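Take a look at the structure set out below.
The values are calculated or read from the model by the stated rules, or taken from the named source; none is laboratory data. The model shown is predicted, which means the values in this text are computed figures rather than measured ones. So basically every Cβ, Gly included, is an ideal-geometry build from the backbone, and we count neighbours across all protein chains shown. The area values use the complete protein model at the heavy-atom level, side chains included, leaving out ligands, DNA and RNA. Shrake-Rupley method; radii C 1.70, N 1.55, O 1.52, S 1.80 Å.
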Amino acid sequence: MDHGPLKLEDYQESCGTSAGSCGVPKHINQNRVIEKMDEYMSKRDYAGAERHLNYWLSEAQYLGDLRGELTVRNELIGHFRKTGNREKALEQVDKALALLDKLELNGTISSGTVLVNAATALNAFDENEMSMELFLKALKVYIGNESTDPSLLGGLYNNMALTCCALEDYTHAKIYFREAVEKMSEVPAGELEQAITYLNMADCLLKDGGMEQNESKIYDLLDKAEEALLRDHDAEDGYIAFVFEKCAPVFSYYGYFKTAEDLKNKAEELYARA
């Protein structure tokens with residue numbers, strides 16, 4: 001889906017917002033960048049999202065806004081991971097990590113977020129040893145900050161578990177999956193993330209021993225995921241649709257064809273409303 005080039009109002013700052021004087025900005029508006037990115041993603045407009053991020057990357061570099069540049073590069077990591085562009089994703093990982101050092105942000109919640117995003121991309125492209133190194137750094141950051149939101153830890157534990165599965169370290173994978181489910185119980189609309197974790201746990205059990213050995217456990221996890229997804233959710237339609245779309249193929253793989261079809265249909269309805 002392509003909605004054409006950026007319009008003036010998509011990037012024009014109002015007078016006094018991140019500006020030294022009217023029309024002379026010192027920093028890009030990071031919140032605006034992310035809000036517009038969410039709009040593109042709610043419509044699955046990946047081409048528009050990439051144009052949007054590339055525009056703001058150039059703008060941040062022009063202004064010498066290193067923090068703004070880090071925000072955009074962090075978004076680009078996720079974008080290229082979702083679109084399967086290994087080369088560009090890993091390039092953005094390297095540049096984002098370099099910016100963390102340059103800005104001396106290591107140890108902050110912001111650095112943890114970048115580390116998790118980078119590690120998730122590395123896992124997606126089978127760079128699992130390096131992925132785990134970054135996840136462990138992020139865990140140290142999050143645990144060391146009392147203000148860390150439980151949702152950040154929940155997402156971190158889930159992704160660490162996936163990397164452990166890829167490394168065939170199933171003992172730690174099970175521990176991290178349990179931690180993820182527990183943390184997400186503390187989060188509004190956390191049942192959506194719990195459902196994803198249950199399905200990841202099922203896939204991990206399939207890898208560790210196969211269906212014959214783990215059949216009852218796998219189907220129990222699928223049932224838990226289905227129950228979590230069918231609840232009423234206090235979340236944005238676009239995000240709910242993304243989760244439904246992500247989960248549907250897993251249910252289909254295990255023979256839950258009606259559940260998979262229902263989730264796909266609901267996702268399309270939610271995307272249409274977004």
Just checking, how many residues over the range 227-260 are over 18 Å from the mean Cα position of the chain (by Cα), open to solvent by 50 Å² or more (accessible area, probe 1.4 Å) and touching a residue at least 12 places away in the same chain (Cβ under 8 Å)?
2
Looking at the range 99-113, I want the residues that are under 22 Å from D149 (Cβ atoms) and have a partner that is assigned to a loop (DSSP other than H, G, I, E, B) and open to solvent by less than 40 Å² (accessible area, probe 1.4 Å) with Cβ atoms under 9 Å, at least 6 apart or on another chain. Which pairs are those?
I109/T148; S111/L105; G112/T148
Evaluate the following for L134: is it under 16 Å from L90 (Cβ atoms) and open to solvent by less than 20 Å² (accessible area, probe 1.4 Å)?
yes
Could you check the range 114-223 for helices (runs of 4 or more DSSP H) lying wholly inside it with 3 or more residues that are at pLDDT 95 or above and of a type in the set (F, W, Y)?
170-184
Just to verify a result, which residue in the range 41-99, among those that are among the acidic types (D, E) and more than 14 Å from the chain's Cα centre (by Cα), is nearest to D237 (Cα to Cα)?
D45
Filter pass, G78 being closer than 24 Å to Y271 by Cβ, out of contact with any strand residue (DSSP E or B) (no Cβ under 6 Å at 6 or more places or on another chain) and not in a helix (DSSP H, G or I):
no
Can you confirm whether A119 is surrounded by 15 or more Cβ atoms within 10 Å (Cβ to Cβ), among the small types (G, A, S) and touching a Lys or Arg at 6+ places or on another chain (Cβ under 6 Å)?
no
Would you please list the contacts, defined by Cβ atoms under 7 Å and residues six or more apart or on different chains, that run from a residue in the range 160-183 that is within 18 Å of L134 (Cα to Cα) to a residue that is open to solvent by 70 Å² or more (accessible area, probe 1.4 Å)?
C164/H172; C165/K207
Is there a residue being at pLDDT 95 or above, farther than 24 Å from C164 by Cα and not small (G, A, S) anywhere in the range 80-90?
yes
